[in-house]
Amino acid sequence: MSWTRKILRVNLTEGTLNVEPLNMQWAAEYIGQRGLATRYLFEETDPTCDPLGPDNKLIFATGPLTGTMASTGGRYSVITKSPLTGAVACSNSGGFIGAELKSAGWDMVICEGRSPSPVMLHIVDDKAELVPADDLWGKSVWEADKLIHQKYNDPQMRIAAVGRAAEAGCLYSAVINDLHRAAGRSGVGTVMASKNLKAMAVRGTLGVGNIKDPGRFLSATTEQKKVLAENAVTGQGLPALGTQVLMNVINEIGALPTNNMKEVQFKDANKISAEAMQEPRESDGKPNLTTNAACFGCTIACGRISTIDREHFTVENKPEYWGNSGGLEYEAAWALGADTGVGDLDTLTYANFVCNEDGMDPISFGATVAAAMELFEEGVITTEHTGGMELRFGSSEALAWCAEKVATGEGFGADLGLGSKRLCEKYGRPELSMTVKGQEFPAYDPRGVQGMGLTYATSNRGACHLRSYTVASEVLGIPEKTDPLSTDGKAGLVKAFQDATAAVDSTGLCVFTTFAWSLDNIAPQVDAACEGDWTPERLLEAGERIWNLERDYNMRAGLTGADDMLPKRLLKDAAKTGPAEGKVSGLDVMLPEYYELRGWTADGQLTQDTRSRFGLPA
Amino acid sequence: MTYVIVGAGPAGVVAAETIRKLDPHGKVVIVGDEPEPPYSRMAIPYLLIRNIDEQGTYLRKAPGHFEDSVEVVHGSVASVDSSAKSLRLSDGREMAYDALLVATGSTPILPPVPGIDGERVTTCWTLEDARKIAEGLRPGASVLLIGAGFIGCIILEALVASGANLTVVEMGDRMVPRMLDETCGAMLQDWCREKGVNVMTGAQVESIEHRDDVAAVRISGGREVEAELVISAAGVRANAGFLEGTGIELSGGAVVVDRHMCSSVPGIYAAGDAACGRDFSTGDYSVQAIQPTAVEHGRIAASNMVRHGSVTHQGCINMNVLDTIGLISVSYGQWEGIEGGDSVSLLDRDGYRYISLQFAGDQLIGANTLGITQHIGVLRGLIQGQFRLGHWKSRLMDNPLLIMEAYLAATQGA
Amino acid sequence: MLRSLNINPDKCTGCLQCEMACSFENEGVFNPAKSRIKVFSFHHEGRFVPYTCTQCDEAWCLHACPVEAIKMNRETGAMEVLDAVCVGCKVCTIACPFGTVNYNQSTGKVIKCDLCGGDPQCAAACPTEAITYVDADATGLDKMRSWAAKTDNATHAN
Ligand SMILES: Cc1cc2nc3c(=O)[nH]c(=O)nc-3n(C[C@H](O)[C@H](O)[C@H](O)COP(=O)(O)OP(=O)(O)OC[C@H]3O[C@@H](n4cnc5c(N)ncnc54)[C@H](O)[C@@H]3O)c2cc1C
Ligand code: SF4
Ligand code: SF4
């Protein structure tokens, strides 16, 4: 229970919608959301399909705890094959639409085919329809959001949409929901646009019930909320400072990739940090940060609500950017800031707003701009390519300009929309791309946090911190402190984090809870809500099953162990400053150990034995 | 002190209770001419669809509620001698008072049509009427309703729910013309038609011929409809005839009161449907003929009967809510707008949703809505609080659905 | 001493735990659409405002009801809707100037906050103490109630 047991299948080619029962056998094995949707993707798509062709599918999936009172139970994920990586993509988002979809009675929406013309999926409880969206095409997410709200006159309606970037084919386009929450990574928005699906608008008034043991569920969730409240990170750090609490910390340990990862420390880190966001501005005396905000059901509330200085050059003529909107979180601040060398908080916030307004993943965007800047400084990209703009590290103008260009796909924006890997290849310098499997790195330098090197290399969706956030252990000491500069034990750590995270991502809960919670805290909540017995061990096993399934999908898609590789810069060029000075990533040591722990072959292939151990499809 | 209240409807009952509270030792007499304990006419539609029994319509449910605290007299007041401060009942009993409240409500008036006094014709005003209607109502029964004003529409819902085959004849050009604007009224009519109710607007009943088992109703334009039951809801008149000779000032048949709910004759007060009281929005004096106003009047009149001048009436806001076969419409204050004022409306014809707001400067003064129910009361708060909306006015002009947000902004500086 | 809900919007993060707690207590499902407390979000201003009935002294809803279906609970001070008596006429929904009585089409009755009989679940669920249940005196209730006064149909001489 707590699953609604209902799937909405949308055939965009035919324009038909069907209701299907959820495969409960799979739910028992793959939980929901990330795991369960991947199982469907595995079953229903050819892993070698063209990610942007009609044969790919796009799944919006909630977890069994989505829409419940469990803290952070508002998540949903978008699962598809990524156009950026060619691997499985699963992007998780908060906000409110996940819970709304669940409250409308749906565990999942599977979109297949491709609509002949732009459409929007409109769901009100058990009524769903495809609505022509020609009028929305060419509009930003924010404009589309406004138009859709106007059309249906329902302020409570929740909307997820793609922006102009996705329409223009930017390969790291996000699905933006609730104006500024993003299923951000791996180009899931690009897939949505390729299907001519502009938006999904949902209103759910049925509520989420079917809790196995309501009394126990309430006491379990209440107890676990206390754990979050009493934890220093989830109870104080994140609500007060957001994920941005990390900016100064990571800079100090020498793991803040700077200027396209040429350096590991950023001189202006303190100007773009959480603390800086709270400093009153000179012009109007207001800080960048207005307040923190929560996603549905979240008792942590790490979200940032910010404004840009009205007199700032980026917005002085754009009153529509004067109000509050989703502010910087750490990864975005890093990619838009440190990685491009820009230390101006307002420009970063502006670029972040643009990423939200037109649906771009700020990590991939910022990192791609960083690569372009290096290419420019190397003289490979010139003002002739850009039409005059000088792409220099540290240039606020360049950053703001790039954001606007990618948002619409105009001119050089189309090149930037290719992502770092394809951009560097196009300009003949592939080694300058800081990516794994074609996806850009997030904000932790593998030379200063060794576990993250292995995390990036083996992540099933390309470079990503959220697949196994070993920073928790290596930097914050959660659940126990390990040495960030050492490779010892990191293979095991990464595997454990990967499996646990895969489980968490499949429940409907937010991975940030794991600063305070382990599966021991999560299992009682799942167990009280869902039919069957859910122990921490069962969750972990499901997580490992999910991990292997994703890997299997990737292998079938044509990826190999050779794709578990970091760029040379991180393996060869030692960190120049800070505690990690002289260090390179020890991936070569960790990877074989990791494969072995996973029960894979020395070249990273799944064995028949592993497959049958987890009951993976043949 | 002896307080006498004539009429045991909501206005009278609330007045009696209020006096009892303010003056625990005074003598309070309430004279009513209906046989039942004080009840609410408003609840009659729910009695017709058998959601409640007759007891469910009673204003106060606790046994002995009145008898324990006030004197209840059954009888009809026939005349008042204001100089002697006494009154006489139709059965001859006499009664002295120090302060008198006229809370006698109103009575339906029948349109002057041949055959209107036939036995198949009834009004829908009292419990007695309700019993008669309930008898004739059954699935498939053909029923003709004269008048699609507020009261007509209120009972329309019940008639449809009973499964009757309903025809509605309304003189005006739309339904509920005194509560809903043209758009709203027209949408309501579409809605009724969609639900299978034949609503003729701009039509008049010309005659009613009583045949053996039906009444043949001739309607302007040469139409004829046969009905087993004809219900007339074509207007009311205040019950103030018994005041003849007191010299009390009346307007349209109702007692004109000042801001202390006092009539032109000192010591005689009036409240509810029988009173022509102050309107909050316009400052004019009129009969609003709604329950909340009756209650409000009763309360304020009572205070002034105990201590004259103690409470000044600011005027009642006119407000109505109507459920027509599941479609809910609402009106507040000056929903028609005023000259020189701004207005905004939002229409979703297919979805049967509509809202229109009327402003004077940056204050909300009136509203009409259809198909919108959540937080609707805040419209009253905005109108009656006379909040200056500032820049929220333009936000409302942009999206009139943001009433709750505008209210919070006005009251909490959100 | 009567207690009442004290709402401090400055502390609200917009998480909707209160709405879920309310709907679960009253409807048995997690369903913000059926909550008696509602969090309004002001995107442009970056502000969240939880809002529900203040159990105001004037009790407009109670007085407007034609059939005595709304009663004050003497222990909690809450105006409670008696489902069995309510006929669904909706007059209370237009009478409450705070917009806190709402019609529930599926039951044909109205719903409003009843302080959960003295243990309001919204306050218990609120992670930031934006909603607390405190002694009536200590609340900003006077301020909230002064809006109610603005709606009064009468001015009192004394
Ligand atoms: C079917 C129906 C539905 C309605 N629905 C709504 C609604 O949804 N919302 C709304 O706001 N309003 C509604 N109303 C109107 C509302 O009922 C009246 O506004 C309200 O009853 C007025 O109250 P009152 O006390 O002034 O008069 P009444 O309720 O009419 O009470 C007056 C009493 O005085 C008695 N009386 C009259 N003359 C004498 C006399 N000489 N001696 C002794 N007693 C006398 C009458 O018999 C009566 O009992 C509805 C009315 C009807 C008939
Ligand atoms: S519902 Fe409205 S009128 Fe009734 S007690 Fe609450 S605030 Fe007052
Ligand atoms: S809807 Fe129910 S509670 Fe409200 S006034 Fe009518 S009968 Fe009373």
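For this structure, a couple of remarks:
- Selection status of B:Glu157, free of Cβ contacts under 8 Å to residues at least 60 places away in the same chain and assigned to a helix (DSSP H, G or I): no
- Filtering B:Val236, B:Val217 for residues that are buried (at least 18 other Cβ atoms within 10 Å of the Cβ) and under 29 Å from B:Val330 (Cβ atoms) leaves a single hit, B:Val236.
- Meets criteria (more than 8 Å from chain A (Cβ to nearest Cβ), at pLDDT 95 or above and within 16 Å of ligand 2 (Cβ to nearest atom)) for C:Cys22: yes
- Meets criteria (within 13 Å of ligand 1 (Cβ to nearest atom), buried (at least 23 other Cβ atoms within 10 Å of the Cβ) and away from chain C (no Cβ under 14 Å)) for B:Val28: no
- Odd one out for A:Asp520, checked against (1) assigned to a loop (DSSP other than H, G, I, E, B); (2) surrounded by fewer than 22 Cβ atoms within 10 Å (Cβ to Cβ); (3) more than 18 Å from the chain's Cα centre (by Cα): (1)
- No other residue among B:Ile5, B:Ile44, B:Ile49 is within 9 Å of ligand 1 (Cβ to nearest atom) and either under 16 Å from B:Glu67 (Cβ atoms) or crowded, with 16+ Cβ neighbours inside 10 Å (or both) apart from B:Ile44.
- The one condition from (1) facing another protein chain (nearest Cβ under 10 Å); (2) in a loop (DSSP other than H, G, I, E, B) that B:Leu379 does not meet is (2).
- Count of region C:69-84 residues, restricted to those that are out of contact with any helix residue (DSSP H, G or I) (no Cβ under 7 Å at 6 or more places or on another chain) and crowded, with 18+ Cβ neighbours inside 10 Å, is 3.
- Identity of the residue in region B:31-59, assigned to a loop (DSSP other than H, G, I, E, B) and in contact with a Phe, Trp or Tyr (Cβ under 9 Å, 6 or more places away or on another chain), that ends up nearest to the other protein chains (Cβ to nearest Cβ): B:Ser40
- Exclusive hit being within 16 Å of ligand 3 (Cβ to nearest atom), at pLDDT 95 or above and within 14 Å of chain C (Cβ to nearest Cβ), set B:Asn304, B:Asn320: B:Asn320
- Tally, over region C:110-137, of residues that are within 11 Å of chain B (Cβ to nearest Cβ) and outside any strand (DSSP E or B): 1
- Odd one out for B:Thr373, checked against (1) assigned to a loop (DSSP other than H, G, I, E, B); (2) surrounded by fewer than 22 Cβ atoms within 10 Å (Cβ to Cβ); (3) more than 9 Å from every other protein chain (Cβ to nearest Cβ); (4) touching a residue at least 24 places away in the same chain (Cβ under 8 Å): (3)
- In region A:288-302, the residues that are within 21 Å of A:Ala232 (Cβ to Cβ) and part of a strand (DSSP E or B) reach residues that are modelled with pLDDT under 95 and hydroxyl-bearing (Ser, Thr, Tyr) with C-beta atoms within less than 9 angstrom, at least six apart or across chains, in these pairs: A:Ala293/C:Ser41.
- In the set A:Glu29, A:Glu43, A:Glu20, only one residue is assigned to a helix (DSSP H, G or I) and surrounded by fewer than 18 Cβ atoms within 10 Å (Cβ to Cβ); that residue is A:Glu43.
- Residue in region C:44-65 that is touching a residue at least 40 places away in the same chain (Cβ under 8 Å), in a helix (DSSP H, G or I), within 14 Å of chain A (Cβ to nearest Cβ) and farther than 16 Å from B:Leu408 by Cβ present: no
- When residues of region C:80-107 are limited to those that are part of a strand (DSSP E or B) and away from ligand 2 (no atom under 12 Å from the Cβ), the one nearest to B:Glu296 (Cα to Cα): C:Tyr103
- Of residues in region C:91-109 being under 15 Å from C:Ala69 (Cβ atoms) and of a type in the set (Ser, Thr, Tyr), the one farthest from the other protein chains (Cβ to nearest Cβ): C:Thr107
- Residues that are closer than 15 Å to B:Val168 by Cβ, in contact with a strand residue (DSSP E or B) (Cβ under 7 Å, 6 or more places away or on another chain) and not in a loop (DSSP other than H, G, I, E, B), drawn from region B:199-225: B:Val199, B:Met200, B:Val205, B:Val217, B:Ile219, B:Val225
- Pair list, Cβ under 6 Å, 6 or more apart: region B:9-28 residue within 17 Å of B:Tyr269 (Cα to Cα), other residue away from ligand 2 (no atom under 16 Å from the Cβ) and basic (Lys, Arg): B:Val28/B:Arg20
- Candidate set: region A:300-324, residues that are farther than 13 Å from A:Gly94 by Cβ and of a type in the set (Val, Ile, Thr); chosen: the one farthest from the other protein chains (Cβ to nearest Cβ): A:Thr314
Yes or no, residue by residue, for (1) near ligand 1 (Cβ under 8 Å from one of its atoms); (2) surrounded by fewer than 23 Cβ atoms within 10 Å (Cβ to Cβ); (3) over 16 Å from the mean Cα position of the chain (by Cα); (4) more than 29 Å from B:Lys85 (Cβ to Cβ):
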position: B:Tyr269; (1), (2), (3), (4): no, no, yes, no
position: B:Val287; (1), (2), (3), (4): no, yes, no, no
position: B:Ala294; (1), (2), (3), (4): yes, no, no, no
position: B:Ser303; (1), (2), (3), (4): no, no, yes, no
position: B:His313; (1), (2), (3), (4): no, no, yes, no
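- Top-ranked residue in region A:255-296 [being within 14 Å of another protein chain (Cβ to nearest Cβ) and in contact with a helix residue (DSSP H, G or I) (Cβ under 6 Å, 6 or more places away or on another chain); ranked as nearest to A:Trp322 (Cα to Cα)]: A:Asn288
- Check on B:Ala130, within 27 Å of the chain's Cα centre (by Cα) and part of a helix (DSSP H, G or I): yes
- In the set A:Arg158, A:Arg181, A:Arg164, only one residue is basic (Lys, Arg) and farther than 24 Å from C:Ala33 by Cα; that residue is A:Arg164.
- Candidate set: region A:573-595, residues that are among the aliphatic types (A, V, I, L, M) and more than 20 Å from A:Asp499 (Cα to Cα); chosen: the one surrounded by the fewest Cβ atoms within 10 Å (Cβ to Cβ): A:Ala574
- Candidate set: region C:86-109, residues that are of a type in the set (Val, Ile, Thr) and more than 7 Å from ligand 3 (Cβ to nearest atom); chosen: the one nearest to B:Val13 (Cα to Cα): C:Ile94
- Tally of residues being free of Cβ contacts under 8 Å to residues at least 40 places away in the same chain, touching a strand residue (DSSP E or B) at 6+ places or on another chain (Cβ under 7 Å) and more than 10 Å from ligand 2 (Cβ to nearest atom) across region C:66-79: 2
The values are calculated or read from the model by the stated rules, or taken from the named source; none is laboratory data. Please read all numbers here as calculations on a predicted model, not as lab measurements. Cβ: placed from backbone, ideal geometry, glycine included. Neighbour counts: every protein chain shown.
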